[in-house]
Amino acid sequence: MVGNTMDEVRLEDFALMDEETFFERLYVEHRKMYVIAFSYLGTETDALEVVQEASCRAWMKRKKLKDEQSFTPWLIRITINCCMDELRRKKRMFPAEKLVEEAAQEMKSNERIDLERAMNRMKPRYRHAVILKYYQDMTTAQIAKVLKKPEGTIKTWLREGLRQLRNYL
């Protein structure tokens, strides 16, 4: 290839990450994706469905990833976006399905229900930060990389998210 610089070749090589390498990296992050999806959606079925959807989207968009070090934050971001898509879709579901879901919710402990309701009432940006910090044990630097925001913004969102949780509970 005449005229290619070393940077172009290196980026091209990574963008064409082979299938085996991609799925090895995906397998390592699979559990983390599931835990994040479950924390957003609350059911195993929905979480597994979102993990599958996020894996598929990641595979289709793998050529857009330009830095191998960003694989995990990139994958978490895709998972969160899939969760948000599923939550939006669920808002449009039929009332009969909602009744079945509410009956299943009654079987959970009251504290967990209260926490889930409080989390659902939070603004999405605060909820994202709180879930990643307290459900995934991520540092503010890691959260900043996943959400593509400055660390100071993440600290503010965490503080505000916790304040909202205290008010709701």
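General remarks:
- Scanning segment 71-87 for residues that are more than 14 Å from residue 132 (Cα to Cα) and in contact (Cβ under 8 Å) with a residue 40 or more places away in the chain returns 71, 82, 84, 86, 87.
- Among the candidates 134, 126, 168, the residue that is open to solvent by less than 40 Å² (accessible area, probe 1.4 Å) and of a type in the set (Phe, Trp, Tyr) is uniquely 126.
- Out of 32, 98, 108, sole residue that is under 25 Å from residue 162 (Cβ atoms) and at pLDDT below 65: 108
- For segment 137-150, the set of residues classified as assigned to a helix (DSSP H, G or I) and surrounded by fewer than 14 Cβ atoms within 10 Å (Cβ to Cβ) consists of 141 only.
- Restricting segment 71-95 to residues that are at pLDDT below 85 and in contact with a helix residue (DSSP H, G or I) (Cβ under 9 Å, 6 or more places away or on another chain), the residue that is nearest to residue 143 (Cα to Cα): 90
The values are calculated or read from the model by the stated rules, or taken from the named source; none is laboratory data. Note that this is a predicted model, so its numbers are computed, not measured. Methodologically, a virtual Cβ is constructed for each residue, glycine included, from the backbone with ideal geometry; neighbour enumeration extends over all protein chains shown. Heavy atoms of the whole protein, side chains included, go into the accessibility calculation; ligands, DNA and RNA do not. Shrake-Rupley method; radii C 1.70, N 1.55, O 1.52, S 1.80 Å.
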